[in-house]
């Protein structure tokens, strides 16, 4: 009896995908702190939203906590995650005498600075983002609690009640580009004098990864996004794929968790990764599929990324000249 081989599969591999400059910098800052100061190095919240990254850093001596009160009084570094923190968290860390290593993504810091400046100019901030997300908490925490209002959806934008006076928009950096534009358009109809950012707050990496998915989605029988369930930008990639023509789009953290039955009957598979997912996780999924299928990989490049964010000088200069004040 002849065994029928599964059909040939073409994997459309999105580029760009995976690590962005902010994620690479944040991970490098934890590793540099471990090398310079030794273990333990404490990290408030996951440095980036990826279980594999966290596990690898934990194995090197990083200790992850959700709150500063969970850290013993120490001279060891305390790293703030790439998502950023509120002013209250910074003040608490200073009060405890911690050596602060701020790994906040520079693009998130830019939103912080903008929100603070707009507040000082008398604007009430309309924050577009997800309730409970650490980045949103950090951005809103740059200004008084009553100085911003959170809007999550178009439905919110249609009904939200805002104070009289000048208004301005700030957004989480990892949102759906299309949905955010729709939310802003809805708000502008109701509040036409509301001030928008000169340049969109959504970061280049989120925008580029979504554009790459849009390019291939309609060609795919299924699409896999390598990323964590608490990663906003990864979840948005799944949503974008569905919106642009690939209903069978799912999030997978690593190859071991991939349900191969999802690929039954799939001859064209899209594959990408969220901005906090390491490239080796993508390659592991390709390797797993190759165990049972004949695979051709076609990389679809929609843009080139060459961003690099430098680490603070005290983590890169020679130990004997480093200043830790």
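The values are calculated or read from the model by the stated rules, or taken from the named source; none is laboratory data. Being a predicted model, the structure only gives us computed values, none of them experimental. Here the Cβ positions follow ideal geometry from the backbone for every residue, glycine too, while neighbour counts run over all protein chains shown.
Per-structure values
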read-out	value
Residue 184 being surrounded by 23 or more Cβ atoms within 10 Å (Cβ to Cβ) and either closer than 29 Å to residue 274 by Cβ or modelled with pLDDT under 95 (or both)	no
Selection status of residue 182, over 19 Å from residue 15 (Cβ atoms), in contact (Cβ under 8 Å) with a residue 24 or more places away in the chain, out of contact with any strand residue (DSSP E or B) (no Cβ under 6 Å at 6 or more places or on another chain) and part of a helix (DSSP H, G or I)	yes
Residue list for segment 113-122, filter: touching a strand residue (DSSP E or B) at 6+ places or on another chain (Cβ under 9 Å) and within 29 Å of residue 21 (Cβ to Cβ)	114, 115, 118, 119
Yes/no for residue 225 being surrounded by 21 or more Cβ atoms within 10 Å (Cβ to Cβ), in a strand (DSSP E or B) and not assigned by TED's automatic domain parsing to the domain that holds residue 112	yes
Residue in segment 15-31 that is touching a residue at least 24 places away in the same chain (Cβ under 8 Å), surrounded by 13 or more Cβ atoms within 10 Å (Cβ to Cβ), assigned to a strand (DSSP E or B) and in contact with a strand residue (DSSP E or B) (Cβ under 9 Å, 6 or more places away or on another chain) present	yes
Residue in segment 152-162 that is over 23 Å from residue 178 (Cβ atoms), at pLDDT 95 or above and outside the structural domain of residue 46 (by TED's automatic domain parsing) present	yes
Verdict on residue 250 being surrounded by fewer than 20 Cβ atoms within 10 Å (Cβ to Cβ), under 25 Å from the mean Cα position of the chain (by Cα), free of Cβ contacts under 8 Å to residues at least 60 places away in the same chain and outside any loop (DSSP other than H, G, I, E, B)	yes
Qualifying positions in segment 228-247 - in contact with a strand residue (DSSP E or B) (Cβ under 6 Å, 6 or more places away or on another chain) and either outside any helix (DSSP H, G or I) or farther than 18 Å from residue 301 by Cβ (or both)	234, 238, 242, 246
Residue list for segment 295-316, filter: surrounded by fewer than 12 Cβ atoms within 10 Å (Cβ to Cβ) and touching a strand residue (DSSP E or B) at 6+ places or on another chain (Cβ under 8 Å)	296, 298, 299, 301
Residue that is under 14 Å from the mean Cα position of the chain (by Cα), within 30 Å of residue 303 (Cβ to Cβ), surrounded by fewer than 18 Cβ atoms within 10 Å (Cβ to Cβ) and touching a residue at least 12 places away in the same chain (Cβ under 8 Å), where the choices are 153, 207	207
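Residue-wise test of (1) touching a helix residue (DSSP H, G or I) at 6+ places or on another chain (Cβ under 8 Å); (2) under 30 Å from residue 296 (Cα atoms).
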{"position": "24", "(1), (2)": "no, yes"}
{"position": "27", "(1), (2)": "yes, no"}
{"position": "36", "(1), (2)": "yes, no"}
{"position": "44", "(1), (2)": "yes, no"}
{"position": "61", "(1), (2)": "yes, no"}
{"position": "65", "(1), (2)": "no, no"}
{"position": "90", "(1), (2)": "no, no"}
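Per-residue answers, yes or no, for (1) out of contact with any helix residue (DSSP H, G or I) (no Cβ under 7 Å at 6 or more places or on another chain); (2) crowded, with 17+ Cβ neighbours inside 10 Å; (3) not assigned by TED's automatic domain parsing to the domain that holds residue 126:
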| residue | (1), (2), (3) |
| --- | --- |
| 180 | yes, yes, no |
| 198 | yes, no, yes |
| 212 | yes, yes, yes |
| 218 | yes, no, yes |
| 234 | yes, yes, yes |
| 256 | yes, no, yes |
| 259 | yes, no, yes |
| 267 | yes, no, yes |
